[in-house]
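The values are calculated or read from the model by the stated rules, or taken from the named source; none is laboratory data. All of these numbers come straight from a predicted model, not from anything done at the bench. In this analysis, Cβ positions are derived from the backbone assuming ideal geometry, glycine residues included, and neighbour counts consider all displayed protein chains. We work out accessible area using only protein heavy atoms, side chains counted, and drop any ligands, DNA or RNA first. Shrake-Rupley method; radii C 1.70, N 1.55, O 1.52, S 1.80 Å.
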Amino acid sequence: MNLTELNRIATAMVAPGKGILAADESSGTIKKRFDAIGVDSTEQNRRDYREMLFRSSGAMSQYISGVILYDETIWQDAKDGTPLVKLIEDSGAIPGIKVDEGTQALPMCPGELVTVGLDKLAERLKRYYERGARFAKWRAVIDIGSGIPSMTAISVNAHALARYAALCQAAQIVPIVEPEVLMDGDHDIDRCYEVTSRVLNKTFQELRVQRVALEGMVLKPNMAISGKKCPKQASVEDVAEKTIRLLKGCVPAAVPGIAFLSGGQSDEEATAHLNAMHKLGPLPWGLTFSYGRALQAAPQKAWSGKAENVTAGQHAFSHRARMNGLASKGEWQSSLEQKAA
């Protein structure tokens, strides 16, 4: 393992003003997104859509540090035969790959899940590295509800995340460690804070046990935020203050950077929260975005599967990428959204 090189890549992934495009939707998830805009989820349409994003030269070169790909996408070529991975590299961004294989029900823990995909991961990582991937992603899912999460669910998911991370580093690939506490419930921000604190502490304990070099990874956590069904939604300032306090208490300074997931927030909410956190600096790690839907909802709608809408789709993507790039330096203002509109 060359830790200097892993650290260089991890640091580049969280460079100021840039963030990570999560374009790793599973076949089922992207079908839902395409259904919403009336587009058939065929392999060609999925390829055309992602090619449109990766060819958004202004957005990719200025605001995107890396792209998380799905297994199908990493092997695909653009219409002109150029590998999609090469389009990403040519823009100056780093190609990455989602390597988990989804979730399964956790035995003896009703309503809880464990992420799977460790079997044969070492061999898969070797092939992904040869194709150009320099980082990977594994997502653990922790739900908040009556009596959950259990310590069992937190422990097994943290253990799997750490095993994945160690395998990545052995393959000279930077692991994005993503323990996501879902915002689907009716819990308030303090409950989210408490659960996320437990999850992060257990995750870093497991990472140390399994000898993962913290200097060669990126953390992708949720923010401390109210559940979607909570009658009292926390303010932007509250989310920023509690998230930073939470991270300072749980994330060692050795970690080069933290790239947030948007987790179901609206485009503008995710941008505003990230921006507000940068007002609370200085911070011990780089702090940026690793958004999927919050970067892509607007371009998907603008594109709607039509070749004549590619420019409109790229324009919408560039706008969201720029807004989040500004937020990752604390320079975003809501008035910039209105100007674009």
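Just a few scattered comments:
- The selection criterion, being modelled with pLDDT of 95 or more, out of contact with any His (no Cβ under 6 Å at 6 or more places or on another chain), more than 22 Å from Asn2 (Cα to Cα) and open to solvent by 50 Å² or more (accessible area, probe 1.4 Å), holds for Pro110.
- Pro282 being without any contact (Cβ under 8 Å) to a residue 24 or more places away in the chain and out of contact with any Pro (no Cβ under 6 Å at 6 or more places or on another chain): yes
- Qualifying residue in region 145-157 (condition: crowded, with 23+ Cβ neighbours inside 10 Å, part of a helix (DSSP H, G or I) and under 19 Å from the mean Cα position of the chain (by Cα)): yes
- Of all residues making up region 191-202, the number that are open to solvent by less than 60 Å² (accessible area, probe 1.4 Å) and over 19 Å from Leu287 (Cβ atoms): 2
Every residue, every condition in (1) open to solvent by 40 Å² or more (accessible area, probe 1.4 Å); (2) without any contact (Cβ under 8 Å) to a residue 12 or more places away in the chain; (3) of a type in the set (Val, Ile, Thr), yes or no:
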| position | (1), (2), (3) |
| --- | --- |
| Thr311 | yes, yes, yes |
| Asn324 | no, no, no |
| Glu331 | yes, no, no |
| Ser334 | yes, no, no |
| Glu337 | no, no, no |
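- Within region 130-154, the set of residues being more than 14 Å from Cys109 (Cβ to Cβ) and among the acidic types (Asp, Glu) comprises just one member, Glu130.
- Taking every residue in region 1-16 that is touching a residue at least 12 places away in the same chain (Cβ under 8 Å) and pairing it with any residue that is in a helix (DSSP H, G or I) and open to solvent by 60 Å² or more (accessible area, probe 1.4 Å), at least 6 positions away or on another chain, the pairs with Cβ-Cβ distances below 8 Å are Met1/Ala170; Leu3/Glu215; Leu6/Glu215; Asn7/Glu215; Ala10/Glu215.
- Among the residues of region 57-70, those identified as farther than 13 Å from Ala22 by Cα and either open to solvent by less than 10 Å² (accessible area, probe 1.4 Å) or free of Cβ contacts under 8 Å to residues at least 40 places away in the same chain (or both) are Ser57, Ala59, Ser61.
- Note on region 114-137: residues that are open to solvent by 30 Å² or more (accessible area, probe 1.4 Å) and under 19 Å from the mean Cα position of the chain (by Cα) total 2.
- Number of residues in region 209-262 that are closer than 24 Å to Leu6 by Cα, over 19 Å from the mean Cα position of the chain (by Cα) and open to solvent by 20 Å² or more (accessible area, probe 1.4 Å) equals 7.
- Any chance Lys248 is charged (D, E, K, R) and more than 21 Å from Leu21 (Cβ to Cβ): yes
- From the options Thr42, Thr82, Thr29, Thr73, residue that is without any contact (Cβ under 8 Å) to a residue 24 or more places away in the chain and open to solvent by less than 40 Å² (accessible area, probe 1.4 Å): Thr82
- Just so you know, in region 203-226 the residues that are aliphatic (A, V, I, L, M), out of contact with any strand residue (DSSP E or B) (no Cβ under 7 Å at 6 or more places or on another chain) and assigned to a loop (DSSP other than H, G, I, E, B) include one that is farthest from Trp285 (Cα to Cα), and it is Ile225.
- Answer from Leu274, Leu295 - the residue that is crowded, with 23+ Cβ neighbours inside 10 Å, under 18 Å from Asn222 (Cβ atoms), in contact (Cβ under 8 Å) with a residue 60 or more places away in the chain and of a type in the set (A, V, I, L, M, F, W, C): Leu295
- Subset of region 264-304 [outside any strand (DSSP E or B) and under 16 Å from Ile176 (Cα atoms)]: Trp285, Gly292
- Test: residue in region 227-247 that is assigned to a helix (DSSP H, G or I) and more than 15 Å from Ile189 (Cα to Cα): no
- Selection of region 1-41 for residues being touching a helix residue (DSSP H, G or I) at 6+ places or on another chain (Cβ under 7 Å) and of a type in the set (Lys, Arg) yields Lys18, Arg33.
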